[in-house]
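S.K.: Here it is, the structure in full.
None of the figures in this text is laboratory data; all of them are computed from the coordinates on show. Predicted model, so just to flag it, every value in this text is computed and none were measured. Backbone-built Cβ (ideal geometry, glycine too); neighbour counts: all protein chains shown.
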Amino acid sequence: MSTVDSHLAGVPGSPRFAARWLDLREPADAAARAAELLGPLRGYLEHVRRPGEVPAFCDLGCGTGSMGRWLAARLGGPQRWIMCDRDPALLARVGARMPRRSADGGRIEVTTEGRDITRLSSGDLAGMSLVCGSALLDLLTEDEVHRLVSACAEAACPVLWALSVVGEVVLEPAESLDAEFAAAFNAHQRRSEGGRRLLGPDAVDVAAAAFEGHGARVLTRSSPWRLGAGQAGLAEQWLLGWVAAACAQRPALARFSERYVGRRLVQCRSGALRVTVGHRDLLALPCSSHSVPL
Ligand SMILES: C[S@@+](CC[C@H](N)C(=O)[O-])C[C@H]1O[C@@H](n2cnc3c(N)ncnc32)[C@H](O)[C@@H]1O
């Protein structure tokens, strides 16, 4: 197996998600998440909170629970988390790792649900105080995003969808081949697979426009990974997956890939490589929020 083929499941371009890959990226995800969206979210949740009610938060495509772990500890009060994913092996890892207490010591309850989140209806989401998700939207098709947005909007749920790729990658020091791999990788993210055409880097714009069509208040913020010497293990695995996906999309690149990866890995292991991977976080508040001062 070549260096380029030996990447972890779940790294860019792979259809499966290994817990090991999700664990590897969790600290970089936590550092990247757009914490500035939490102010408006907290303001909205406070405004609609009913005394005595324990809010229910739903994490769609939760994997091993990275988003819930980050968010639960940053919101106050008692919380009920419903963690949804179609992969039972990832769901099995969620419960033991969620925080037991919220930011102000409130009790946190966690349940898991194995399901396909593209089939959720507004009825399934009714009563949720928040629908969230991370590193998910870009894996969906336009129809799936529209359906999910409609379900959330009809259920009047606020939504926080974090860390969707936007197709921007910067490697430093730069090489002329970077742009070729980046273009092929982005095409791979927009690939058609089993009759589904994935949105990839277009996902946030599609979701934002769909929410606006429902009258929601939409805020988006940049949430890039900034990987340097302190994140060399993640940068290495990301690079292998990025190049492998680019070559799968454009096989002509394969003849350059071994040497390109070789050079990049030397830089990575010596702390000389910096990688910025663009993401965007989206907060959508129901149309009723327009009267709420945030
Ligand atoms: C890139 S991982 C992100 C996991 C987690 N949200 C995180 O940030 O670490 C994408 C997750 O979405 C899940 N997923 C993708 N499509 C799904 C679907 N249609 N229904 C349920 N889960 C899905 C995958 O199983 C995987 O756990």
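S.K.: Sort 39-45, 173-179, 94-100 for me by packing, meaning the mean count of neighbouring Cβ atoms within 10 Å per residue, highest on top. All intermediate terms of the calculation are to be shown ahead of the outcome.
M.R.: Values: 39-45: 17.1, 173-179: 12.1, 94-100: 15.0.
Ranking the peptides 39-45, 173-179, 94-100 by packing returns 39-45, 94-100, 173-179.
S.K.: Ok, one more. Please say if region 202-294 is rounded, prolate or oblate, where rounded means a/c under 1.5 for a ≥ b ≥ c the square roots of the C-alpha gyration tensor eigenvalues, and otherwise the choice is prolate for a/b larger than b/c and oblate otherwise?
M.R.: Values: a/c = 6.01, a/b = 2.19, b/c = 2.75.
Since a/c reaches 1.5 but b/c is at least a/b, the shape of region 202-294 is classed as oblate.
S.K.: Follow-up. Determine the relative contact order of region 182-294: mean sequence separation of Cα pairs under 8 Å and six or more apart, normalised by residue count, in whole percent. Before the final figure, lay out the partial values.
M.R.: Details: 130 pairs, mean separation 45.7, N = 113.
After rounding, I find 40 percent.
S.K.: When only C-alpha pairs under 8 Å and at least 6 residues apart count, what is the relative contact order of the chain, in percent? Please report the intermediate quantities before stating the final value.
M.R.: On the way: 604 pairs, mean separation 67.8, N = 294.
Normalised by residue count, the contact order of the chain is 23 percent.
S.K.: Rounded to the nearest 5, what % of the DSSP beta bridges within the chain are antiparallel ones?
M.R.: 50
S.K.: In µm²/s, what is D for region 22-155 at 37 °C and 0.692 mPa s, where D = kT/(6 pi eta Rh) by Stokes-Einstein and Rh is the Kirkwood radius from Cα pairs?
M.R.: Numbers: Rh = 15.3 Å.
For these conditions, the coefficient is 215 µm²/s.
S.K.: Cut-off is 10 Å between beta-carbons; in what order do F211, F17 appear when sorted fewest neighbours first?
M.R.: Values: F211 25, F17 21.
Neighbour counts put them in this order, fewest first: F17, F211.
S.K.: So, one more: Apply 1/(1 + (r/R0)^6) to the Cβ-Cβ distance of E36 and S121, taking R0 = 41 Å, and write down the FRET efficiency to the nearest 0.05.
M.R.: Numbers: r = 32 Å, r/R0 = 0.77.
After rounding, the FRET efficiency stands at 0.85.
S.K.: Let me ask you something else. For region 152-212, what's the relative contact order in percent, using C-alpha pairs closer than 8 Å and at least 6 residues apart? List each step's numbers first, then the result.
M.R.: Working: 34 pairs, mean separation 20.8, N = 61.
Normalised by residue count, the contact order of region 152-212 is 34 percent.
S.K.: A follow-up question, please. Expressed in nm to one decimal, what extension gain is obtained for the pair A96 and H214 from 0.36 nm per residue of sequence separation less their Cα-Cα distance?
M.R.: Using 0.36 nm per residue and subtracting the Cα-Cα distance, I get 38.8 nm.
S.K.: Using only the alpha carbons, work out the radius of gyration and Dmax of region 136-294 in angstrom.
M.R.: 18.2, 58
S.K.: A follow-up question, please. Between Rg and the Kirkwood Rh of the chain, both from Cα atoms, what is the Rg to Rh ratio?
M.R.: Working: Rg = 19.3 Å, Rh = 19.7 Å.
My calculation of the ratio gives 0.98.
S.K.: Is region 210-263 best put as rounded, prolate or oblate by its Cα gyration tensor, with a ≥ b ≥ c the root eigenvalues, rounded for a/c under 1.5, and otherwise prolate when a/b is larger than b/c, oblate when not?
M.R.: Numbers: a/c = 5.14, a/b = 1.81, b/c = 2.84.
Oblate shape, in that a/c is at least 1.5 and b/c is the bigger or equal ratio.
S.K.: Give the whole-number value, in cubic angstrom per residue, of the convex hull volume spanned by the C-alpha atoms of region 233-275.
M.R.: On the way: hull volume 2.4 nm³, N = 43.
Dividing the Cα hull volume of region 233-275 by its residues yields 56 Å³.
S.K.: Checking the a/c ratio against 1.5 first, then a/b against b/c, what shape does the Cα gyration tensor give for region 147-200? Could the numbers behind the result be given before it?
M.R.: Values: a/c = 6.70, a/b = 1.92, b/c = 3.49.
Oblate is the answer for region 147-200, as a/c is 1.5 or above yet b/c matches or exceeds a/b.
S.K.: Also: If r is the Cβ-Cβ distance from R250 to R50 and R0 is 51 Å, what FRET efficiency results, to the nearest 0.05? It would help to have the intermediate numbers written out before the result.
M.R.: Details: r = 54 Å, r/R0 = 1.06.
Efficiency at R0 = 51 Å is approximately 0.40.
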